[in-house]
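Every read-out reported here was derived from the displayed coordinates using simple, explicitly stated rules and does not represent laboratory data. Keep in mind it's a predicted model, so treat the numbers as computed, not measured. Neighbour counts are summed over all protein chains in view; Cβ atoms, including those assigned to glycine, are modelled from backbone coordinates with ideal geometry.
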């Protein structure tokens, strides 16, 4: 729990900074840059080792971050944020910080995120209809992330927070099987 509170503090500070009109970056762009940095940090064992090792001097970490930021076109606010996170030895919480930042941003924008798994890729008409239905159910604007899960056989499953909506063929078959076995 303490890690979540710390991650929340960092995420809130960044959101407040980039939400200022004078920041020169919008909060969604900052989120995209955090996501990009988190992915690079997770994928590169060498970078991970340099930035998270207590044996590596802070100035070397800062130079490494500055070079990386310049290479990927990272905005100064995001780069400075990463300098602060590194100085306070909190880069190990980068995934949690990114997640909290996204949650705070969604809350500020009145959004809810949904994870949608479908047996096959959905058409634009199907995604629009699904998002409209989810908006009606939640009473908020819904932003969906889509994945393909061929084990579903057909239909979709939707996760919003801790709530799961199962409209898949396999889910319906499982429900039918449970009802039949409980009645016998």
Can you pull the Rg over Rh of region 2-107, Cα-only, Kirkwood?
0.94
In the calculated pair distance distribution of the chain, what percentage of Cα-Cα distances lie above 25 Å?
50 percent
Report the extension gain between residue 174 and residue 53 in nm, rounded to one decimal, defined as 0.36 nm multiplied by the number of residues separating them, less their alpha carbon distance.
38.8 nm
Highest mean first, what order results for 116-123, 146-153 on Cβ atoms within 10 Å?
116-123, 146-153
How many Å³ per residue does the convex hull of the Cα positions in region 111-183 occupy?
95 Å³
Gaussian network model of the chain, springs between alpha carbon atoms under 10 Å - residue of 128, 29, 39 with greatest fluctuation
128
I'd like the projected area of region 9-58, averaged over all directions, using the convex hull of its alpha carbons. Report it in nm² with one decimal.
4.4 nm²
